[in-house]
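Here is the structure we will look at, set down as C-alpha cells.
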Amino acid sequence: MNEVRYERRGPVAMVTMNRPQYRNAQNSAMTYALDAAFTRAVDDDEVNVIALAGAGEHFSAGHDIGSPERDVDVSFDRKSLLWWDHVGAEGGDARFAREAEVYLGMCRRWREIPKPTIAAVQGACIAGGLMLAWVCDLIVAADDAFFADPVVRMGIPGVEYFAHPWVLGPRVAKEILFTGERFTAHQAKEWGMLNRVVPRADLESETLALAGKIAAMPRFGLALAKKAVNQAEDLMGLRSGMDSVFGLHHLAHAHNAEVSGGDSLGGQNARSMRDTR
Ligand code: ZN
C-alpha cells in the first residue's frame, strides 16, 4: 500500500496520505489503506496517539473525482457497514451503498478510533479533505492552510460527513456552504474549528509536541474522555443530524443524475470546480 505511509515516532503513529501528485485526492484505495494504517496503530500497544498528515504541499484536495486512479467502480473488502457491494448495483442503490460505506461509514469508524487522533493540515483541505480533518479529535494547521466545501456548486448541500453546523456553528456553516469560498487557517481558528495555527515549517514538530503531551496520559482515560466528548456531540445531534442530511445529499445526487443524463456530480469535476472559483 503506497497510498499511505506509516511511521512510528516514539508513542505517536504518523499516518501520511501519500498521493502528493494528486494533492492527496482520496480514492477508495487510499481510504482502505488509511483504515489499515489506523487499525495497525490501534493494535500497537506502544502507540498512544495517531497523527494524520498529507505528503507534499497539500493535506487533501478531497475525494478523487478526476485522477487516473479514480476507482469508484472497484470492489474493496468493506469495513464500515454490513451492506451489499455497490459494484453491480444501479443508480441510487449503487451510490447509497458506496457513499454510506466509503464516506459516511468510514468517517464515523475513524471518529471512533479509541486513541486520540490529530490532523496536521497544510495547503488545501477541500471538501472530502475537510471530512478527514474533522474526524480527528484535534486539528493543527499550518498558516498556509486553506479550507472550503464548494460542493453546493454541484447542487449538493455539503460533503457526506455533514459536521458543518457542529464544528463551525450554524451561521458560519451557512456562509461557507452558500459562498463555497475558501477560508483561511486564521478564520478557521477564530471559528473554533482548529486547535493551533503554526508556521508551515513547524507543522510536524508542533503536532508531535502536542501528541507527545497527550501520549503521557493513561490510555484508557484518554479513550473514555474521547468517548465522553463524542457522546456529548452526538447528544447535540451530530449523529442523527448527519443521518438526516445524508438523505438530502442523496436527493441531490439523484436530481443531478435525473437532469443531466446520469451524472450524479452535475457535470462538475475537480477542474471545473477549481475554475469556477
Ligand atoms: Zn456524495
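Summary of values
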| quantity | calculated |
| --- | --- |
| Reduced Cα scattering model of the range 73-201, Debye log10 I(q)/I(0), q = 0.17, 0.20 Å⁻¹ | -0.93, -1.14 |
| Gain in span if fully extended, VAL152 to VAL42, counting 0.36 nm per residue against the direct Cα distance | 36.0 nm |
| Hz values of 3J(HN,Hα) by residue in the range 249-263 - Karplus curve (6.51, -1.76, 1.60), Gly and Pro given as x | 4, 7, 4, 5, 4, 5, 4, 4, 5, 5, 9, 10, x, x, 8 |
| Dipole-positive endmost among HIS63, GLN231, THR179 within the range 4-275 (Cβ charges, Cα centre) | GLN231 |
| Quotient of C-alpha Rg and 2.2 N^0.38 Å, computed over the range 4-275 | 0.96 |
| Accessible carbon and sulfur surface of the chain relative to its total accessible area, %, 1.4 Å | 55 percent |
| DSSP beta bridge pairing in the chain, given as percent antiparallel to the nearest 5 | 25 percent |
| Entries of LYS79/LYS189; LYS174/LYS227; LYS79/LYS227 with Cα pairs more than 26 Å apart | LYS79/LYS189; LYS174/LYS227 |
| Accessible area in square angstrom per residue, the chain, 1.4 angstrom probe | 46 Å² |
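The values are calculated or read from the model by the stated rules, or taken from the named source; none is laboratory data. For clarity, every value in this text was computed on a predicted model and none was experimentally measured. Backbone-built Cβ (ideal geometry, glycine too); neighbour counts: all protein chains shown. Just the protein is used for accessible areas: all its heavy atoms, side chains included, with ligands, DNA and RNA removed. Shrake-Rupley method; radii C 1.70, N 1.55, O 1.52, S 1.80 Å.
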